[in-house]
Every structure is written in structure tokens, then in C-alpha cells.
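Notes follow the structure.
Readers should treat all values here as calculations from the given coordinates under stated rules, not as data from a laboratory. Computed from a predicted structure; not experimentally measured. Quick reminder, even Gly has a Cβ in these numbers, built from the backbone with ideal geometry, and neighbours come from all protein chains shown.
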Number of protein chains: 2
Amino acid sequence: MTASTSYHMTPDEFRTFGYAVIDWIADYQARVATLPVLSQVQPGEIRAMLPDAAPSQGESFSDILADVDRIILPGVTHWQSPNFFAYFPANTSGPAILGELLSAGLGVQGMLWITSPACTELETHVMDWLVDMLALPQKFKSTAAGGGVIQDSASSAALCALLAARERARQFSINRTGEAGQLTAYATAQTHSSIEKAMMVAGMGRERLRLIDVDAAYAMRPDALAAQIAHDRGAGFTPAFVCASIGTTSSNAIDPLTAIGEICQREHIWLHVDAAMAGTAALCPEFRWIHAGLELADSYCFNPHKWMFTNFDCDAFFVADRKALIDTLSILPEYLRNEATKSGAVIDYRDWQISLGRRFRALKLWFVIRHYGVEGLQHHVREHVRLAQEFAGWVRASQTFEVAAPAPLNLVCFRHVGGDAVNQQIMDRLNTSGDLYLTHTRLDGRLTLRLVVGQTHTRAEHVRAAWERIQTEAAQVTNQWPFVEEIRQ
Amino acid sequence: MTASTSYHMTPDEFRTFGYAVIDWIADYQARVATLPVLSQVQPGEIRAMLPDAAPSQGESFSDILADVDRIILPGVTHWQSPNFFAYFPANTSGPAILGELLSAGLGVQGMLWITSPACTELETHVMDWLVDMLALPQKFKSTAAGGGVIQDSASSAALCALLAARERARQFSINRTGEAGQLTAYATAQTHSSIEKAMMVAGMGRERLRLIDVDAAYAMRPDALAAQIAHDRGAGFTPAFVCASIGTTSSNAIDPLTAIGEICQREHIWLHVDAAMAGTAALCPEFRWIHAGLELADSYCFNPHKWMFTNFDCDAFFVADRKALIDTLSILPEYLRNEATKSGAVIDYRDWQISLGRRFRALKLWFVIRHYGVEGLQHHVREHVRLAQEFAGWVRASQTFEVAAPAPLNLVCFRHVGGDAVNQQIMDRLNTSGDLYLTHTRLDGRLTLRLVVGQTHTRAEHVRAAWERIQTEAAQVTNQWPFVEEIRQ
């Protein structure tokens, strides 16, 4: 080997192999509906196909791609199948995938404005677009005192919000009492587990997260929140943070923002609003009621990587007071100092997140918004909600199933009237069949099935087929003659 | 519009536009060396070219791609230029980009084993490969009590390590004294800023990070560490965490692991080792001395996304005791429960990181390792080190420049003997020219230039041209006749 030896892929080789991967994905998109949604492998099965040691010498790209089919594909749970109804979706689209590809090809770091000005400025700009697209409060715009930033997930957004709240509360507490009080935070048992994790990470302690009672719709009870805050103040704690959910993971419950926000304003508590999946619905004017009261929030996030056709990771996180966030997260060592930063005329997004490094994630969001246009996005979101509502109607009309919680948007919680064991069997049989994938929650202690309509390519026929399969399995489980209700209209 | 209206890209459209993006990247790779490395735009210049509002109606993909050239490209600082010598590299390669593309195309979530078994098992397996490839301690393997996981960055790895250390120290402290002591952590002023940030995030307080004195090579002094620990114990603190660096960002200083590790073992302190860039050197047996003493560490990370041709984000984080990490980070709500998790036979990587969601990042690492083979990776790492050493030799032989710190691998810290103002001017002129990009640090209070050889396509001619340009600018700044030393051999 000499200094001129190269193992790198040349641009021409990249073109050839790149076409091959594009073809592979296009073919995958065309056939994914026919693959078993939930991977059917056993633990260890994939690893057993992999060689013990890394290869000493390079292998051909066609061999690598063949192994994707042979080794990887059987171990994939197909989140991009139109028959995926589990968890919350993590949907993608052609323009998003190509935006991610371009981001990888450019390979820039967006930690500072100067390390790629376009990475920062496109992100700031597209975040401002989103404020208008969802009719969010104008205070979340970079042109006001706030601003948006792409986080990898709603977990990270919640952690950043909690940290800013922690610092504000400490400051406030120090000013008033001379020492930092013990800080408390508030959510419901329906709130995403990332809040409890954030409390642990931030050193505030899981036990200081107060779980507020919910009403019959699994939404936070403002009176219970106010009572708990008063109780904690009386006990010497400093209430610092409330997380309200717009569309809980469990049942899409919508916490009442106006009442909660008024309490937070009165009590000087940071209000963070997590609309991870449901926020996307606000693209459509008829669903914007979910955000009523959002003008009282200090921070807000939703995930275009859930329901807005933008592949993970892309959480859109907004703050009303960017200074509070930056003051919390900014550390500037010598090797990152530069004139642009010193001038104060630019945003350095490393001060808006936990990590230093960051990809050019705004590209995929920009591609998605421009490819679909607002009208295209609205159309598909509306259609998903319509299909979920249709499904809820079939459940309500059924004699053997019941709707278990309000279904305001695209998630339907439902269960067979036969009890937990029956529901568990129905779910296991459906998921093992590979025909569709759905997951469960517990509501009032009862096992409840969840069906989310949010995968990019889910259409009426997939939801219809799912309902037929659910009924068939239920009949099998309960040893009744299959009773498939008439659902075609 | 009807229910059958679709704004989605069809597989065939995806194929067409996908080829176009692949072509764009291949062309970019072929011409990137000719583009100004540091973007030359002014703050706000990119945003000014973007429309105020998102488009109502979708636009053609060719219009979008044309705007990448027109709007985005001028605002890109070219991290993938062979003339990029700044910061630490964030290098990429053909196989890595295509692995990222495939990951986006599959669009799976790897939060739980069951949400895509291949995503988890390939990651575990490739992490084990890396242990052998770098000759790391076997205890970091998943087949021992440890294991590896891909984090987005060394910042996140350090935070996870710190959290596990915090919990272990609290447990230990509670057992011994009945209450959690005040926890302290240790690093040097040369340690990456992410440690200070992690202290803030974890609620341990920046002021509890003790900065230990360094020796003449900017490496941690074990005697000073031991003294500070003793002092803190005497003052009622509980020392909990030491971060040692293998290759600091400032000057590639290498902290003495054996001496530090022995102190940590004796004092029951968690030792985290951050080898973000330099760790990759251990692919080559002749550079493995940098890891001497690593068997005493509790956790370790290096970034294949810096110097191992795998695009960001890909930090390889290893722990010796995975239970300590999982016990710290695990929270399991009902909607994530499943049989595979309950059986304990699988890894759920959500318990190894801050966020819940995660991409299929092992694919790109697998592609890179298989495409290059270990020998290919070794070749290019060796070549980078050789070029940096050659550059250091030119600096040492120069009458106007001096080497400012030991240069053990691929980073050379150097400066003009004329002082800070001269060095600042040289750097500004070079960076403004667009011919190359380098950044600075401060060593002993003096402005020092840094040249890192780590970009994928940096070859001898690029380093040679950089040295010529540096000398030319120095001569201009100091008003001397250009004096270019004879460097061609």
C-alpha cells in the first residue's frame, strides 16, 4: 500500500450504489404492505446470522445490500406499512427521505451559525413557518422573543424545557427566600414517561413529579392541580414546572390549557405543552381547538416525525423566551469562539439543546413542506382523522367491542367487552399474524387496545381490513362464529 | 379532493428524484474541493432568500433541488472538503451516506427490541465488533457484563455516564452515611465543555466540577487529582465522577489513564473516558498505547462520526456494567410493555439513552466497516496521522512558526512567533479566503492555531497547500517577503 492507495468510494461508485439503494427503497415502498408488520423473529436470531468478527478486508457493496434482504429485513418491524396502527406513528415520505439523504451528503455540523449558516437560518425560518402553519402563538417566533429549534425527540424538548424551568425557579426562589427551595413538577399519570425521565435526569427526582388526577376523559383536572400546588407550597416546596399534554400517548387525552395556563401564570410556574403527535392536526383550522389556551404556555413541542411525513428525528420545539433557554444551556469554550457568535447577530443552536453537534435536519422539513404544500399536508391529516372516526363509529355500533375513551382525532382506544384476557389474546393473535400491528394501554386498570391512523400510506381499505381482522380474531378467541359487521358503505 | 387524492411521492417518482439527489451528491463530492470551505455569507443572507410563508400548494421536486444550489449551498461550510482542518472533523463516506439513506427509507424506531429486532441486534453486534477492532477491554462487550450503544454525540454519552455515576454515588453515600452527600466531579480545563454542561443538566452544578491542573503536555496530573479528592472528602463532599480525555479538543492531550484509574478504583469513583476523535486511532496497533489503563474505566466513548468515515450522528458508548446504566435510565409505562421485554432476553436501548425514540444508526456503521474492512480503515487513519506528523515537522523546521503542544496523532497545535494579533490575522485571512478552514484554541493564554487532518479526502497535496497558504498569509501579515519553505521531498 502506498499513500495514494484509496479504499474510498469514488463519486462514480457512489452514483452506482446510490441508485441501487434508491431502487431498493422504491421497491420496499411498493411491497411493504405485503410484509408481516411485526417482525416474527426470536431474540438472538438476527445476531446469529452475523459473523463474529468484523471483516479484515472490504466487501462489495452488492454483497452488503444482499445481506440487508437476507439478514436485516426479517428483523424489521415495518413502521412504514399501511397496516401499522401501533404506538404513535413515525411516518416518513419521499421528500423527507431525500432531505435526510442530502443532509448526510452535505455532512455539515450545525452547532454554531458559522459552522454552516444555512443550517441555522433554514431551521429558524422553517420553524417560523410552522408557527403560522399551525396558527401557534406569534410569541414562539424568532422574530418575537421566542423561537423554534429542531430536537431529536419530544423527550429532549421536555428535558430542555424542564431545565429552563428549574433555573428560573431557582433564580426566583433565591431572590425571594435566600435559598433554592425544593422544586416540584406536575403532570398526570397519562403524561408521557419522558417527563418522569427528565425529572430523574435533571436531578429533581422522580418523586417530585406530582401526578394530578384526571377527569373522565383522562385529561388533567385543573382544580386538582391547583390544590396540589397549594399543598406543596404549604409544605415548603417550590412548584416549578407543569407539563400539559395535547394528545396523551395512552389515549390522546387533551389537557385543558386555558385553565392550567391561568394557574401557571398566577403561580409563576413554567408551562410546557407536549403535543407530540396531535399537534400536527392543527394544520387544519377545524382541529385548532386542541391548542386553545396555548398562548399561556412557556414552551411547546410537536413531532413532524410522528404524523407530518418527516422521518425521525424531527421534533419542533418552541419557547416564548429564548433567553431563558439559552442562559440555561450556553457554555462557550475557547475553541468555539468566533466573531459571528460574539456579535450576537446570529443563533447558535448548540445553546438550545443538550448535545453540541447537530445534523442539518431542517432540509427534510423544508422538502416536506414544499413538496406537499400546506394543502397537501392538510388533506392527508384530515383523511387520517376521518378514517379513525369511521373506525370509532364501527366500534360504537358493535355489540362486542366498546370505545374506551374519547377519540378526538386519529387514535381510537377500544376493547372487547370480554375482559382483559380476551383483549390480550386478540392483540397477540393479530400481531403474530403479521397482518397488522397494534398495541395496548391500560385505562382505569383495564387492558385497552389502541388503533392509530397515521402511517403515510394508510387508506380506507387498510382500516377496513383491520376492523375485519379484529372481529374475526375476537370471534375465534371467544369461540363464536365469525361475525363481521357490515362496514362497507 | 376525494379520499383517493394523494399528494405522496409514488415509488416511481421517488426513484426518479432519488437518482437526482444521488447525482447531486456525487457531483458535490467531485467538486467540493473547489468550493470556499468556510461559508462567506453574512448573517441573515440565507433567510432573506426564503419566502415569508410556507407554500399553500406543493412545488416540483426539481424546483426544490434548484433552490438547494441557489439558496442553501452558499450558506454551507464544507465539512466534507479536503481543505477542512478545523475543530474536529465530522467525516463521512459513500457507504455511510447510503447506510443513512437506507435507515431513513426503512424508517423504523429502535426504542424497544420488539419495535425492530434487527435495529437492536445489529447495533449490539457491531458495538461488540468495535471492542475487538480497537482492542478495547473485553468487559465492554455485551457478552460480558457491559455493552455498547450508539449515542448521538459524546455529549450525550458523557451525560449518561454522569447520571449512572450520580446514582451509584448516591446509593453508596446513602448506605454509608444515611444521606446523599454533595457530589463532586473532576476533569481538566482542557476537557470538553460537554462535561460542564452535563453537570448543569444533571443538577449537580457547574461549580461542583473541579478543574484539575495539567502538566506541560496539557494532560491531567494524577497527584493533583488525588489531592483535590482528598480535600473534597475532608470538606464533606462525595467524589462521584472523573472524566479523562484521550485527545482533548483543544490540543489532543492524553490523560494518563492508569494513574487516574487507580485513584478512581481506590476511591470508588466512576471513571469515564472520552476519546471522541482520537479513539479511532486505536484501529491501528501502533496507536493503541493511547488506551493504556482503559481496563480501569467504567465507561468509554469515541465517535465514528468524527474520524471513522461514518456520518454524524454516531457516538459509540460503552459501559462495563450495563445494569448501572439501565437502572438509572429505565422507566417502563404500560404502552411500552411487551413479552420480549418482560422475558429479559432482549436489550431495549431506550434504557441506555436519554430519549425514547432512536433511528437505525447501526446500518451506516455496518456499511462502513464492511465496505472498508478493518485494513482499509487502518490505512486511511495511518495516512492522516502521517500527514499531520509531516506538517508538524514543517512547523518545527520553520523559523517563524512553532509547535505549541505535543502532537501525538492527527492534530497539530501551532502558532506564529509574532504573538496573538499576528495569529488572529493569519487565521482570519485564511478562513476568509475560502481556501482552507482552521480554528484556534488558547494554550497558556496564547492564541494557538489548530490543524486537524481527518477529513475523508484530505491527502498530501491538501496539507502541503495548506502549509504554503499559511506561510504566505503570515508573510503578508508581518509585511515580510513571502518565505515559503521547501517542503516537497
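Which ³J(HN,Hα) values in Hz, rounded to whole numbers, follow from the phi angles of region B:229-235 under the Karplus curve 6.51 cos²θ - 1.76 cosθ + 1.60, where θ = phi - 60° and Gly and Pro get x?
Each residue of region B:229-235 in turn: 4, 4, 4, 5, 4, x, 8 Hz.
Go through region A:1-102 and name the chymotrypsin sites (Phe, Trp or Tyr not before Pro) that are in a DSSP coil and have 11 or fewer other Cβ atoms within 10 Å of their Cβ.
For chymotrypsin sites (Phe, Trp or Tyr not before Pro) across region A:1-102 that sit outside H, G, I, E and B with at most 11 neighbouring Cβ atoms in 10 Å, the list is empty.
When Cβ neighbours within 10 Å are restricted to other protein chains, what is their mean count per residue of peptide A:372-380?
6
Where the only charges are on Cβ atoms (+1 Lys, Arg; -1 Asp, Glu), what is the dipole of region A:373-477 about its Cα centre, to the nearest 20 debye?
Roughly 120 debye, rounded to the nearest 20.
What residues qualify as long-range amide H neighbours of B:S245, i.e. H under 5 Å apart, gap of 5 or more or another chain, H built at 1.01 Å from N?
Result for B:S245 returns B:D255, B:D274.
With θ taken as phi - 60° and the coefficients 6.51, -1.76 and 1.60, list the Karplus ³J(HN,Hα) couplings across region B:51-68 in order, rounded to whole Hz; mark glycine and proline as x.
x, 4, 10, 5, x, 6, 10, x, 10, 6, 5, 5, 5, 4, 5, 5, 6, 4
Please identify the trypsin sites (Lys or Arg not before Pro) of region B:357-395 that satisfy two criteria: DSSP loop assignment and at most 13 other Cβ atoms within 10 Å. Which are they?
none
Only sites in a loop by DSSP and with at most 11 other Cβ atoms within 10 Å count here; which GluC sites (Glu not before Pro) in region B:329-383 make the cut?
When the GluC sites (Glu not before Pro) of region B:329-383 are filtered for loop state and at most 11 Cβ neighbours within 10 Å, nothing remains.
Cα convex hull of the protein assembly as shown: how many Å³ per residue?
153 Å³
Can you list residues whose amide H is under 5 Å from A:W270's amide H, if they're 5+ apart or on another chain and H is modeled 1.01 Å from N?
Long-range HN contacts for A:W270: A:F241, A:V242.
How much of the calculated P(r) for region A:320-431 lies past 23 Å, in percent of all Cα pairs?
That tail contains 61 percent of the Cα-Cα pairs.
What number, rounded to the nearest 500 deg cm²/dmol, is the helix-based mean residue ellipticity at 222 nm of chain A, given -39500 (n - 2.57) per DSSP H run of at least four residues and division by all its residues?
Rounded to the nearest 500, it is -13000 deg cm²/dmol.
Taking every alpha carbon pair in region A:389-445, what does the distance histogram look like in 5 angstrom bins from 0, in percent?
4, 18, 26, 27, 21, 4
Divide, for chain B, the radius of gyration over alpha carbons by 2.2 N^0.38 Å, where N is the residue count.
Expressed relative to 2.2 N^0.38 Å, the Cα Rg reads 1.06.
With a Cα-only, solvent-free Debye model of region B:373-477, what are the log10 I(q)/I(0) values at q = 0.14 Å⁻¹?
Values returned for q = 0.14 Å⁻¹ are -0.51.
What's the percent breakdown of Cα-Cα distances in region B:173-276 across 5 Å bins, shortest bin first?
3, 13, 25, 25, 20, 9, 4, 1, 0
Please report the orientation-averaged projected area of region A:108-358, defined via the convex hull of its C-alpha atoms, in nm².
13.5 nm²
From the residues A:L409, B:S173, B:P89, which one has its Cα farthest along the dipole of the protein assembly as shown in the positive direction, the dipole being from +1 and -1 charges on Cβ of Lys/Arg and Asp/Glu about the Cα centre?
Farthest towards the positive end: B:S173.
Could you go through region B:419-430 in sequence order and give the Karplus-derived ³J(HN,Hα) for each residue, using 6.51 cos²θ - 1.76 cosθ + 1.60 with θ = phi - 60°, rounded to whole Hz, and x for Gly and Pro?
After applying 6.51 cos²θ - 1.76 cosθ + 1.60, I find x, 4, 5, 5, 5, 4, 5, 4, 4, 4, 5, 4 Hz.
Run the dipole for region B:271-415 about the Cα centre, Lys and Arg Cβ at +1, Asp and Glu Cβ at -1, nothing else charged, and hand back the magnitude in debye, nearest 20.
The calculated dipole for region B:271-415 is roughly 340 debye.
Figure the gain on full extension for B:S60 and B:Q399 (residue separation times 0.36 nm, minus the Cα-Cα span) and round it to one decimal in nm.
That works out to 116.2 nm of additional length.
Shielding by partners for B:325-334, please: the mean number of other protein chain Cβ atoms within 10 Å of each residue's Cβ.
4
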